[in-house]
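Contents: one structure, followed by commentary.
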Amino acid sequence: MIVCVAHNIISPLGSNSAENYAAVKSGKSALRKYDGLWGLPEPFVASLLDRNAFTDKRYTIDEQIVIASISKALKQTDIDVKSSKVLFIISTTKGNVFLLDKNENVFPQERIRLGVMAREVTKHFGNPNEPIIVSNACISGVCAQIEAMRYLESGEYDYVVVCGVDVQSSFIVSGFQSFKALSPVECKPFDANRQGLNLGDAAATIIYTKKDKVNDNEWVACRGAIRNDANHISGPSRTGEGSFRALRIALGDLEPEKLAFINAHGTATPYNDEMESIAIERAGLAGVPVNSMKGYYGHTMGAAGVLETIISMQAVDDHNILGTRGFDTLGVTHPLVVSNQNRATEKRTFIKLLSGFGGCNAALLMAKGGLK
Amino acid sequence: MMKHSVIITPEHVLVDGNPLMHNEKGSASLTELYRNHIGDYPKFFKMDTLSKLGFIASELLLNAEGNRSFEPREDRAVILFNRHASLQADTAYQATIQDPDNFFPSPAAFVYTLPNIVTGEIAIRNKYFGETSFMVIDDFDEKIIIKNLENAFQDPITKSIIGGWVDCSDEEHFEAKMFLMEKEI
């Protein structure tokens, strides 16, 4: 079984997983309105780290939060990170893309390449392996975990360090603005009045290993799948095709009643949330509680799949189904079970669901103590 | 098991090791390949260079496989690697926002600033509902790529993969080394 041995989240809501979970549980959000930031002509709402807090001139902010997040996760273990049996997988959509700006000249241009950025990280830790970077749009964080599971199953490595990261910049914000995808207010996942998404900064790390036996408190990554809509490069499928197919495989023969919740992508764009409602209904999971983390963190892109998996594991540990911040009145076609309040649960499994540009979708089944 | 392979550079095209003749070099060679070997998919002209390159390589692979049906299927994955992610598209998009006095961010350019879009283009063309994935490593390394694709057969449905390397740093510098791989039974 593929088991989580350590995790960490660095976000505007905290610099470890426990701080982040406590903030989310109490309903905190780092979403703020920014007007004139980075010279952007339109205001936007986002969850941003304080840029002034990153003073290490050797590394970009992305690299600094990746290194900090992995360091904090590693400290919970006795892993020899310099061993060739440890693999690093970085999940990111845009990495150091801000370096394309002609006014940015502190770092060498080659650092814009994701592989060079990732090598800075492995070099920092003295890990000898070539790092793999998963750059599969907004589903990267779940894909990176599925890759980790496969590498461990094949026996090539003893530990895989998965770290998801993205840091917002004028490049990303203006792009989503040009798409008319950003909400002018704090986002409202699955709500009738949702107007789009907010973006966010974060890095999040999970370290996985393979074990023959697990105890009741250990988290097992059971199975995951990645599926394409084969429909459109920037619009979700009207039949939720890829998301439905990924969900079906992640669920497998598990009875839906065993799921505490589905932690959906829930970006709060009109099309994404509607598509997810169709996919969840098609997969026979309309009765399972659904929540979204985007009202707390915004869309943290390459970090989202890792960060939201960690928050969801902690919620199950705490016998809690987290409320969907920003949600008020259901505004999707299929009757999903969504609430803005925390609710109690004694169930021990959940599914993390994501979808992204390029028509890609991913689902991952996590079970505390493994599937019995 | 490797079934077919395609190599495309600005100078050469090889299908299963045999040179495919063409007159143009560089980016014009991609358009020539499209006109000579595909021709019925005008969406091609909207694509960024990375997507054009991956799309043409996939078409040449699938023509080599033969019996194309375009029936929807879930058992074929598209898993590609490269070095420069979406750098050509990123640079093109950055040019639309670089100058504050001429700030017109282009959604058509922005959508290609993700390297996995090429895997989506191939899935859409062929109605593949299977896995699509994109990964970056800083140097081409066949061992890493083959190992990763072999791992991908752990998926319960995947039986074949369009996989390999598809890289482009700008419109005139690109390299595809893609292949069609089938699960060992």
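The values are calculated or read from the model by the stated rules, or taken from the named source; none is laboratory data. What you are looking at is a predicted structure, and each value in this text was computed from that prediction instead of being measured. Here the Cβ positions follow ideal geometry from the backbone for every residue, glycine too, while neighbour counts run over all protein chains shown.
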Only listed residue being over 12 Å from A:Lys352 (Cβ atoms), more than 19 Å from the chain's Cα centre (by Cα) and of a type in the set (Ser, Thr, Tyr), chosen from A:Thr300, A:Thr329, A:Thr324, A:Thr267: A:Thr329
Which of the residues that make up segment A:95-110 are in contact with a Leu (Cβ under 9 Å, 6 or more places away or on another chain), surrounded by 20 or more Cβ atoms within 10 Å (Cβ to Cβ) and part of a helix (DSSP H, G or I)? A:Leu100
Does segment B:64-91 hold any residues that are touching a residue at least 40 places away in the same chain (Cβ under 8 Å) and either aliphatic (A, V, I, L, M) or in a helix (DSSP H, G or I) (or both), and which are they? B:Ala64, B:Glu65, B:Ala77, B:Val78, B:Ile79, B:Leu80, B:Ala85, B:Leu87, B:Gln88, B:Ala89, B:Thr91
Considering every residue within segment A:10-31, establish whether at least one is closer than 26 Å to A:Ile67 by Cβ, of a type outside the set (A, V, I, L, M, F, W, C), assigned to a strand (DSSP E or B) and touching a helix residue (DSSP H, G or I) at 6+ places or on another chain (Cβ under 8 Å). yes
Return only the number of the condition from (1) assigned to a strand (DSSP E or B); (2) farther than 17 Å from A:Asn198 by Cα; (3) more than 18 Å from the chain's Cα centre (by Cα) that A:Ile90 does not satisfy. (3)
Might you let me know whether segment A:226-241 holds any residue that is touching a Leu at 6+ places or on another chain (Cβ under 8 Å) and touching a residue at least 60 places away in the same chain (Cβ under 8 Å)? no
So how many residues does segment A:123-150 have that are polar (S, T, N, Q), part of a helix (DSSP H, G or I) and either within 11 Å of chain B (Cβ to nearest Cβ) or more than 21 Å from the chain's Cα centre (by Cα) (or both)? 1
Positions within segment A:64-109 being acidic (Asp, Glu) and either within 24 Å of A:Ala18 (Cβ to Cβ) or out of contact with any strand residue (DSSP E or B) (no Cβ under 9 Å at 6 or more places or on another chain) (or both), in sequence order: A:Asp78, A:Asp101, A:Glu104
I'm checking my understanding of the structure. Among residues of segment A:212-255 that are of a type in the set (Val, Ile, Thr) and in contact with a strand residue (DSSP E or B) (Cβ under 8 Å, 6 or more places away or on another chain), which one is nearest to A:Met275 (Cα to Cα)? A:Ile226
In this structure, is A:Ile67 in contact (Cβ under 8 Å) with a residue 12 or more places away in the chain and in contact with a His (Cβ under 7 Å, 6 or more places away or on another chain)? yes
From (1) touching a helix residue (DSSP H, G or I) at 6+ places or on another chain (Cβ under 8 Å); (2) under 29 Å from A:Phe125 (Cα atoms); (3) within 14 Å of chain B (Cβ to nearest Cβ), pick out the condition that doesn't hold for A:Gly240. (2)
Go through A:Asp212, A:Asp191, A:Asp229 for me and flag whichever is over 19 Å from A:Phe350 (Cβ atoms) and within 14 Å of another protein chain (Cβ to nearest Cβ). A:Asp229
Could you check A:Ala6 against (1) in contact with a helix residue (DSSP H, G or I) (Cβ under 6 Å, 6 or more places away or on another chain); (2) closer than 21 Å to A:Glu186 by Cα and say which number it fails? (2)
Give the residues of segment B:133-181 that are loosely packed, with under 15 Cβ neighbours inside 10 Å, more than 9 Å from chain A (Cβ to nearest Cβ) and more than 25 Å from B:Tyr112 (Cβ to Cβ), sorted by residue number. B:Glu142, B:Lys143
Looking at segment A:32-58 only, could you name the residues that are outside any strand (DSSP E or B), touching a residue at least 60 places away in the same chain (Cβ under 8 Å) and either farther than 28 Å from B:Pro105 by Cα or hydrophobic (A, V, I, L, M, F, W, C) (or both)? A:Trp38, A:Leu40, A:Leu48, A:Leu49
In segment A:341-354, is there at least one residue being modelled with pLDDT of 95 or more, buried (at least 24 other Cβ atoms within 10 Å of the Cβ), within 22 Å of A:Ile172 (Cβ to Cβ) and out of contact with any Lys or Arg (no Cβ under 9 Å at 6 or more places or on another chain)? yes
Listed residues B:Pro115, B:Pro107; which is closer than 29 Å to A:Leu114 by Cα, surrounded by 14 or more Cβ atoms within 10 Å (Cβ to Cβ), free of Cβ contacts under 8 Å to residues at least 60 places away in the same chain and of a type outside the set (A, V, I, L, M, F, W, C)? B:Pro107
Does A:Gly155 satisfy the criteria of being crowded, with 24+ Cβ neighbours inside 10 Å and closer than 30 Å to B:Gln154 by Cα? no
If you take the residues of segment B:84-104 that are at the interface with another protein chain (Cβ under 7 Å from one of its Cβ atoms) and over 30 Å from A:Ala246 (Cα atoms), which of them is surrounded by the fewest Cβ atoms within 10 Å (Cβ to Cβ)? B:Pro100
Taking segment A:270-291 and keeping only residues that are out of contact with any helix residue (DSSP H, G or I) (no Cβ under 8 Å at 6 or more places or on another chain) and either hydroxyl-bearing (Ser, Thr, Tyr) or more than 22 Å from A:Ala46 (Cβ to Cβ) (or both), one is left with A:Tyr271, A:Glu274, A:Ser277, A:Glu281, A:Pro289
Within segment B:111-132, restricting attention to residues that are within 22 Å of B:Thr49 (Cα to Cα), of a type in the set (D, E, K, R) and within 15 Å of the chain's Cα centre (by Cα), which residue is farthest from the other protein chains (Cβ to nearest Cβ)? B:Arg125
Inside segment B:1-29, can you point out the residues that are part of a helix (DSSP H, G or I) and in contact (Cβ under 8 Å) with a residue 60 or more places away in the chain? B:Ser27
For segment B:1-15, name all the residues that are out of contact with any Pro (no Cβ under 9 Å at 6 or more places or on another chain) and surrounded by 15 or more Cβ atoms within 10 Å (Cβ to Cβ). B:His4, B:Ser5, B:Val6, B:Ile7, B:Ile8, B:Thr9, B:Pro10, B:Leu14, B:Val15
For residues in segment A:69-109 being within 14 Å of chain B (Cβ to nearest Cβ) and among the acidic types (Asp, Glu), which is farthest from B:Asp99 (Cα to Cα)? A:Glu104
